[in-house]
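The structure under discussion appears below in the form of structure tokens.
The values are calculated or read from the model by the stated rules, or taken from the named source; none is laboratory data. Since the model is a prediction, treat every value here as computed from it, not as a measurement. We place every Cβ from the backbone using ideal geometry, glycine too, and count neighbours over all the protein chains shown.
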Amino acid sequence: MRLSELKTGEKGVIVKVLGHGGFRKRIVEMGFIKGKTVEVLLNAPLKDPIKYKVMGYEISLRRQEAGMIEILSEHEAKEQVTKPNYHPGMSEDIYPGEEELKRIALGKRRTINVALVGNPNCGKTSLFNIASGSHEHVGNYSGVTVDAKEGYFNFQGYHFRIVDLPGTYSLSAYSPEEMYVRHHIINETPDIVINVVDSSNLERNLYLTTQLIDMNVRMVMALNMYDELEASGNTLDYMKLSELFGVPMVPTVSRTGKGIEDLFHVVISIYEGADFLDQKGKVRTEVLNDLREWHREYVPGYTGGAHKEEEVRHHGFYRHIHINHGPELERSIEEVKRVISENEDIRHKYSTRFLAIKLLENDPDLETLIKTLPNGKEIIDVRDQESRRIRDVLNEDCDQAITDAKYGFISGALKETFVDNHLDKEHTTRVIDSIVTHRVWGFPIFFLFMYLMFEGTFVLGEYPMMGIEWLVETLGNFIHANMADGPLKDLLVDGIVGGVGGVIVFLPNILILYFCISLMEDSGYMARAAFIMDKIMHKMGLHGKSFIPLIMGFGCNVPAIMASRTIENRKSRLITMLVNPLMSCSARLPIYLLLVGAFFPNNGSLILLLIYSIGILLAVLLARLFSRFLVKGDDTPFVMELPPYRLPTAKAIFRHTWEKGAQYLRKMGGIIMIASIVIWALGYYPDHDAYETVAEQQENSYIGQIGKAMEPVIEPLGFDWKLGIGILSGVGAKELVVSTLGVLYTNDAEADAVSLAERIPITPLVAFCYMVFVLIYFPCIATIVAIKQESGSWKWALFTAVYTTLLAWVMAFAIYRIGGLFV
């Protein structure tokens, strides 16, 4: 609990002090040190401030400041401890002694909240995976992590809660990811920030580091991909760089796990000792003894003696520095900071220097916050005055001047510590890029890769697909032969095994599709694909990255919609999800093949091409309409890093492929099963055994009655009630349409095209309208749920269901009526 929650007369033991560095250090210097007992002496009449007793002193704190101190109260400790001397009749108000309180508080303190912050493509998610054991996808292009992911693990006596934040290039208010990261650091106050840096691209990555330094957070830097820096022939004196930045730096290779233990060892040292340095940067004796005790108990190979991290010199230096922006900017920063600092009630949460810098950068989010302060107008006036002065003196805007100053600091630090021997991979990358992103050859190469991916998906996937079909059929036959006739048997055979089996058979296709996509992502090629397709996508009101989910939609809309999370811009991401169902998924293909074989045996390829083209054309038109009129938000400029090509590891690719397959079955298998059972039940009841034929029974079942009820709606399209039932069954899974039509028209769920052609009393025009309707209308339940999960709202999922169904009706009606004029 927080110290502000203690009532007058109650005691607790301090666990940790939260908030940014300046506030935290001031509170610690007042005596609010971990492990010390604090007692509430007095609450002011208006409940603010509160008088406390700690270390023999009486100290007053504002309630909001006390809210940033985590404690273990006597009540909490009482619930956690079993009193061995307790006996009936003893008072329940007996609390654990002070030593017991401190022991429990120490255990609670040994939970460290860590936030991973870094640029896209710096290996942050790889570090998260290897540290926490989680298996989040790692893609070799920016934007894979677009929400925070949590992992937990234990190390050297500490329990870590590690949060993988979205990749971001800065902490400005430019994109939702930048805002999310900044708000997490400010509001969630992680104990330690691990700044993950790509060692092969230091200058760009360190810009984010300078902004974290402005925020005055406790930080450790992971110099990730350090093996690439060493392999390039370049050298880095990271100890010297650490001293210049005041941040401990640990070389790591997340791909192999090298340096990860060292990294978290330093995290523990900073967590336990960084707030307790004296004027010379030495750790206080009391804290140093605690660190030595921790080493003796938990750290393998510790032999006693001096504590290695006494000055954190084993992996660099810890000290808070101010990035020097030059005399004119520093004067303006101090002036704005002075008027902000008059508001004591925000200093517990924000670094006033950070606020001053961001105001001078015209950050709209923090400007809104500042305007709510009592002297908000004065602060904005001072900011405006200083901005004008900087423009006059430096002849450039404040935000640009601050950016230039930060890069100047970084450049100076790297000149002292980094030696570039020009033996890196840039030449190889340029050679490959000159081919795969060529204005002429880029597109044919890309479409060749896409063709090979889909050809491999269906050709290679056919063999395991046939095996799964055989297993499903065998299971169905086994149940049919060994169970007594009745509703339960029919439910298992037709509802569960038949329905779910129709989805499981596509698992090999999905695994192969994701294997190919993972290969392209991890190698760095996927970023190039988005790069060359951006202009075409932009014409649609989308982003270059939208192309990949749309292409994946031809395989299955569900994983394609999940893949849209790689698009940073919310507007483009949402539009991509809304039009993705118009990409004809492989589940619709059996319907087309059945009807094309029955009604267009001589022009099958042309009809199929026409159907797929209609879907693509509608997606283009609707994307433009949605972008202009429906989905609000600004278009994000196309900013995408083209990373160096890397050889993907087999472990990462196979792990990702399997996890996507498992995710598909786990999230969607249950939904398909429920939908299959519902459709089976509607087609089975009432009076299942009262009819001589299956078709007659289906006609009089609930689903038959629903079909006849909807016949007036679909009759203008040329459809009868049986075709309507087929449409209804496709709501659960499009694969069910084929078996439904087979049962209704031929009494055979496995009916072929020839028998259907003879039995279905419709014209080729109606068959074509039916295929167009199936192409567009209500996506399957699994797709609807995927849209809800990825958009975070049922609103967009239900909108997709409604607009696709209405559009399908209008398109089928138009084709039927216009086509009727010529047939």
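General observations
- Listed by first and then second residue, the pairs with beta-carbon distance under 9 Å, at least 6 apart or on different chains, first residue in the stretch 1-15 and without any contact (Cβ under 8 Å) to a residue 40 or more places away in the chain and more than 17 Å from E65 (Cβ to Cβ), second crowded, with 19+ Cβ neighbours inside 10 Å and of a type outside the set (G, A, S), are K7/V40; T8/V40; T8/I50; G9/V40.
- The condition (being within 34 Å of the chain's Cα centre (by Cα), more than 19 Å from E100 (Cβ to Cβ) and either modelled with pLDDT of 85 or more or surrounded by fewer than 16 Cβ atoms within 10 Å (Cβ to Cβ) (or both)) is satisfied by just one residue among R2, R26: R2.
- Looking across the stretch 796-816, the residues that are free of Cβ contacts under 8 Å to residues at least 60 places away in the same chain and either of a type in the set (A, V, I, L, M) or outside the structural domain of L775 (by TED's automatic domain parsing) (or both) come down to A797, L798, A801, V802, L806, A808, V810, A814, I815.
- With respect to the conditions (1) at pLDDT 85 or above; (2) assigned to a loop (DSSP other than H, G, I, E, B); (3) not hydrophobic (A, V, I, L, M, F, W, C), Y207 falls short on a single one, namely (2).
- The residues in the stretch 711-741 that are assigned to a helix (DSSP H, G or I), charged (D, E, K, R) and surrounded by fewer than 21 Cβ atoms within 10 Å (Cβ to Cβ) can be counted, and the count is 2.
- Within the stretch 334-357, if we keep just the residues that are farther than 23 Å from V220 by Cα and surrounded by 22 or more Cβ atoms within 10 Å (Cβ to Cβ), the residue that is nearest to the chain's Cα centre (by Cα) turns out to be A356.
- Of all residue pairs spaced 6 or more apart or on separate chains, those with beta-carbon atoms under 6 Å, a first member in the stretch 690-703 that is touching a residue at least 40 places away in the same chain (Cβ under 8 Å) and a second member that is not aliphatic (A, V, I, L, M) are T693/N747; V694/N747; A695/N747; Q698/G683; Q698/G704.
- Just one residue in the set Y95, Y86 is in contact with a strand residue (DSSP E or B) (Cβ under 9 Å, 6 or more places away or on another chain), over 30 Å from Q789 (Cα atoms), part of a loop (DSSP other than H, G, I, E, B) and modelled with pLDDT under 65; that residue is Y95.
- Total residues in the stretch 347-381, condition in contact with a Lys or Arg (Cβ under 8 Å, 6 or more places away or on another chain), farther than 28 Å from A66 by Cα and in contact (Cβ under 8 Å) with a residue 40 or more places away in the chain: 1
- Filtering the stretch 372-401 to residues that are of a type in the set (D, E, K, R) and within 15 Å of T352 (Cα to Cα) leaves only R383.
- Within the stretch 568-609, the set of residues being in contact with a His (Cβ under 7 Å, 6 or more places away or on another chain) and either in a helix (DSSP H, G or I) or over 30 Å from R628 (Cβ atoms) (or both) comprises S572 only.
- Taking first residues from the stretch 400-423 that are closer than 20 Å to Y169 by Cα and partners that are charged (D, E, K, R) and crowded, with 19+ Cβ neighbours inside 10 Å, the Cβ contacts under 7 Å between residues at least 6 apart in sequence or on separate chains come to I402/E361.
- In the stretch 109-134, residue surrounded by the fewest Cβ atoms within 10 Å (Cβ to Cβ) [restricted to those that are of a type outside the set (A, V, I, L, M, F, W, C) and farther than 19 Å from V253 by Cβ]: T111
- Residue list for the stretch 566-602, restricted to those being under 25 Å from G732 (Cβ atoms) and charged (D, E, K, R): R588
For (1) buried (at least 22 other Cβ atoms within 10 Å of the Cβ); (2) modelled with pLDDT of 80 or more, each residue gets a yes or a no:
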{"residue": "I551", "(1), (2)": "no, no"}
{"residue": "N557", "(1), (2)": "yes, yes"}
{"residue": "P581", "(1), (2)": "yes, yes"}
{"residue": "L621", "(1), (2)": "no, yes"}
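- From L578, L582, L595, residue being in contact (Cβ under 8 Å) with a residue 60 or more places away in the chain and in contact with a Gly (Cβ under 8 Å, 6 or more places away or on another chain): L582
- All of A131, A115, A105 fail the test of being in a strand (DSSP E or B), among the small types (G, A, S) and modelled with pLDDT of 70 or more, apart from A115.
- Qualifying residue in the stretch 422-429 (condition: modelled with pLDDT under 90 and hydroxyl-bearing (S, T, Y)): yes
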